[in-house]
Structures are given as C-alpha cells and as structure tokens.
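Worksheet: one structure, shown below.
The values are calculated or read from the model by the stated rules, or taken from the named source; none is laboratory data. Just so it is clear, the structure is predicted and the values come from calculations on it, not from any experiment. Neighbour counts run over all protein chains shown; Cβ positions are idealised from the backbone, glycine included. All accessible areas refer to the heavy atoms of the entire protein, side chains included, with ligands and DNA or RNA removed. Shrake-Rupley method; radii C 1.70, N 1.55, O 1.52, S 1.80 Å.
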Amino acid sequence: MHSLPRARRLRPALTRLPRALRTRPRRAAIVLVITSVLLAAAAVVVGYVRTPLPTRPQDGVTDEGSAVYYADGRTPLFRLGANRENVRHGQIPDRLRWAVLSAEDRGFYGGHGVSPSGTFRALWNNASGGDTQGGSTITQQLARNYFKGLSRDRTMGRKVKEIFVAMKLDRSRAKDEILDLYLNTIYFGRQTSGVQAAARAYFDKDVWQLDVAECALLGAMIQRPAYFRTRGDGPAARALRARWRYVLDGMVSMGRLGRAEADRQRFPRTQDEWTGVGLSGQDLLVRHRVEEELASVGIPMDSVVNGGLKIYTGLDQRWMRHAEQAMREAQEPRWPGTVHAGLVAVDSRTGEVKALYGGDPKRSQIDSVFAPVAQAGSTFKPYVLAAALRKGLSVRRGSAAAPRRSSRRTVTSRR
C-alpha cells in the first residue's frame, strides 16, 4: 500500500541525477573556452606591449642614387647607386594615391593598420603552408619592408609581430605620412623603387605629370612587379591588363573616379626600356668621364653613389644619337682592332661638349676621346700648326714670333 507513493517520490530524484551529470561537462567546456579566450587576450596584450615601435629604416631602404642628366636638365643618362628619388607629399597627385590604395588597401584611411579579414586569411595561409604575404595592408607592408626589427622568416610568429608593429605605426604616425613613406620606397619593377623612379622608368615623366591610366598601371604593378609585362599578349601581359582594370574599378567603387571616365581609359603605352637604369654603349664612357671630372674638383665617388646628387652635363641626347649613328654608318664596329675611333662635338661659344663617341665598348674599353692616347684626328694637327705659324704664333712655350698685326698673342699648351 505504501510502495506506490514511495516510487513516486523517488522518480523525480532519479530524473534529476542524469540532468546534473549532463550540465557539468557543458559548464566545464564553457569555463574552458572563456579561460582560453582570456589567456589568448592576455597574451595578445602582453605581446603588443612588449613589441617595440620601430624608428630606424632598414639598411639601404632610403638610399637615393645620384642622377646624371643630359643638358635639358630632366632627362637622365644613368644613375649612380639606388634607383630611387624621393618626392614630397605635394608632388604626388591624388589620382596616384587613390590608384595605389585601390590596388593594395581600399580601407586604408578608415582602418587601424590591420585588416581583420586579411589577417585571418594570412594566418590561415601561414598555418596551412600557404602564402605568408596575403592580406597585408599598406601599413603592414611598410612595417615589413621599411623598418628594422622584422625578419624575413616565413613563420606565424613573424606575422603576428608584423601585425603589432603595424598597429603601433597606425597609432603613432599620420595616415599621409605612412602612405608617403610607402610610395617613396615600394618596388615597381624595372629596378625602380618609389613612384618618381617608376614614373621615369615606365613613362619618362615626373610623377606629378602622370594621368589616370598611367597611375592605375603603377598601382597595378605593385602586386607582381617581377612577373607583369606592359607589352605583348602573353599571360603576364593579360594579367597586368586585368589588374589595371581592377584598379580603375576600385577607384570607381571608392568614389574617386567616375564610371564614364573609367570606361574612357585606355591601357597606357610604356617605354621599351629606361636608359636611366643600366649602363651600356657610350654611357659607360660618359660615366668614367663624370667620375674623373668630379674627382678633379675634390668630390670622391663614395660620396656620389647613393648621395642623392643631381649632376648635369652639356650632352645633348639627340646629338649623342647622331654621333653614334654616324660612326655606325662608317662601319666603325667592323674596323680592325688596332684602329680606334673618336668623335666629339663642342659648342664653340661655351666650350660644352654636346656629343661624343669614344669607340665601341665591345671592341675596346679605351676612351678614344678623353683617354691620354693617340687620339683620332691627329693627322689634322699639322694643318692647325701651319695655320698658327702663318699667323705669327710660335711653337715655343711662353714666346711668340713677331706677328704681322700690331697685337701680340701667346700660345701655351695644355695637357
């Protein structure tokens, strides 16, 4: 009679026991997750605090070569040292800034130096053995490529440190300052670093002269400068044109370019190569002469290379081409090796050397114009001497024969 109520009293207790057993692991899991999150957050805070703010650039990243120019004062013959030329904030057009931001970091001005989605993608790539450079903002790229303190190791630890440095840079420097540093140092291909050298290399223009299409091309080149090609119809050229269009479309979506104007743009034509990078032909001889001229006035080469100097010559680019063409037409490269050729054009009013040809460097490294050897044209010297003697000039140093005219003149020799 009493067993039935007792079973009714025990049944709720029996049902409560498994429920308690079920809730304890769940609570333990929640506690474990919260603890893990707090520990991870603490580790992030400690890592951020202990990461120093970089202040010194890497070795060579700010090197700026000395440029040697033709007589027009703007066309370079070659550069002595790094192919970089820093420009001020006001010299960089806004259309180039927005083209680069469209290509590399569309959220630059609204972000905090790090893209959360890009960071997660980069960390996942690192953990899975993928590309360690994916997802980097402009600030992260600057932290990695400009400042000292970050190694080149392909590790997650290095990537995390890069993130901390980028966050600190964003807090300590103005956005425009970060972007200016980036634009003056990033690599664009063709052995050029910085937007000014790139503008010269691809378009033979100063950076402030670039139009929208040209700015978009430079922005596109940053992604794969060693792979992209500006000419032809191969895979690298097609990939660059697609990236160029991506940059223009991004400028439209960012509200920095109208849709109609973007559609009117045509892929720009670039120079085949830029003579301001490599030395070849007469440039080698000109360089030797420049070095000698600078040394003669007390300027050593170790202060010229990467010294950021601007060196101007009297050489005319058009005249130089004519001089070389004239010697080619005379079949100079086929002359016997014992026969040297030299050509020099001098402005008689100023004494400036407008053009020179010191011989084919493939045949000989001797400069037939300025080198202290028997120079081409020496057979004409007796005629000059005869003309001088007829005018009463003497061959003896420091003296002169009686001239036929009332004035007296003295001819001295110069080495």
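Does the range 299-312 contain any residue that is at pLDDT 90 or above and crowded, with 16+ Cβ neighbours inside 10 Å?
Yes, because at least one residue in the range 299-312 is at pLDDT 90 or above and crowded, with 16+ Cβ neighbours inside 10 Å.
Okay, residues lined up against (1) in a loop (DSSP other than H, G, I, E, B); (2) open to solvent by 10 Å² or more (accessible area, probe 1.4 Å); (3) under 23 Å from Thr192 (Cβ atoms):
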position: Ala216; (1), (2), (3): no, no, yes
position: Tyr227; (1), (2), (3): yes, yes, yes
position: Asp233; (1), (2), (3): yes, yes, no
position: Ala237; (1), (2), (3): no, no, yes
position: Leu240; (1), (2), (3): no, no, yes
position: Trp244; (1), (2), (3): no, yes, yes
position: Leu248; (1), (2), (3): no, no, yes
position: Leu257; (1), (2), (3): yes, yes, no
position: Asp263; (1), (2), (3): no, yes, no
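What number of residues within the range 145-155 are open to solvent by 20 Å² or more (accessible area, probe 1.4 Å) and either hydroxyl-bearing (Ser, Thr, Tyr) or at pLDDT 75 or above (or both)?
Filtering the range 145-155 down to residues open to solvent by 20 Å² or more (accessible area, probe 1.4 Å) leaves 145-146, 148-155.
Still in the running and either hydroxyl-bearing (Ser, Thr, Tyr) or at pLDDT 75 or above (or both): 145-146, 148, 151, 155.
Selection size over the range 145-155: 5.
Under 24 Å from Tyr246 (Cα atoms), modelled with pLDDT of 85 or more and of a type in the set (Asp, Glu) - does that describe any residue in the range 182-204? If you could, list the steps in order and put the result at the bottom.
Filtering the range 182-204 down to residues under 24 Å from Tyr246 (Cα atoms) leaves 182-190, 192-203.
From the residues that got through so far, the ones that are modelled with pLDDT of 85 or more too are 182-190, 192-203.
Narrowing the set further to residues that are of a type in the set (Asp, Glu) leaves none.
Within the range 182-204, none of the residues are under 24 Å from Tyr246 (Cα atoms), modelled with pLDDT of 85 or more and of a type in the set (Asp, Glu).
Gly118: out of contact with any helix residue (DSSP H, G or I) (no Cβ under 8 Å at 6 or more places or on another chain), modelled with pLDDT under 90 and either open to solvent by less than 70 Å² (accessible area, probe 1.4 Å) or in a loop (DSSP other than H, G, I, E, B) (or both), yes or no?
Numbers: out of contact with any helix residue (DSSP H, G or I) (no Cβ under 8 Å at 6 or more places or on another chain): yes; modelled with pLDDT under 90: yes; either open to solvent by less than 70 Å² (accessible area, probe 1.4 Å) or in a loop (DSSP other than H, G, I, E, B) (or both): yes.
Yes, satisfied.
Out of the residues in the range 347-360 that are open to solvent by 80 Å² or more (accessible area, probe 1.4 Å) and not basic (Lys, Arg), state the one that is modelled with the lowest pLDDT.
First, the residues of the range 347-360 that are open to solvent by 80 Å² or more (accessible area, probe 1.4 Å): 348-350, 352.
Filter once more, so that each one left must be not basic (Lys, Arg): 348, 350, 352.
Numbers: Ser348: 84, Thr350: 87, Glu352: 89.
Of everything passing the filter in the range 347-360, Ser348 is modelled with the lowest pLDDT.
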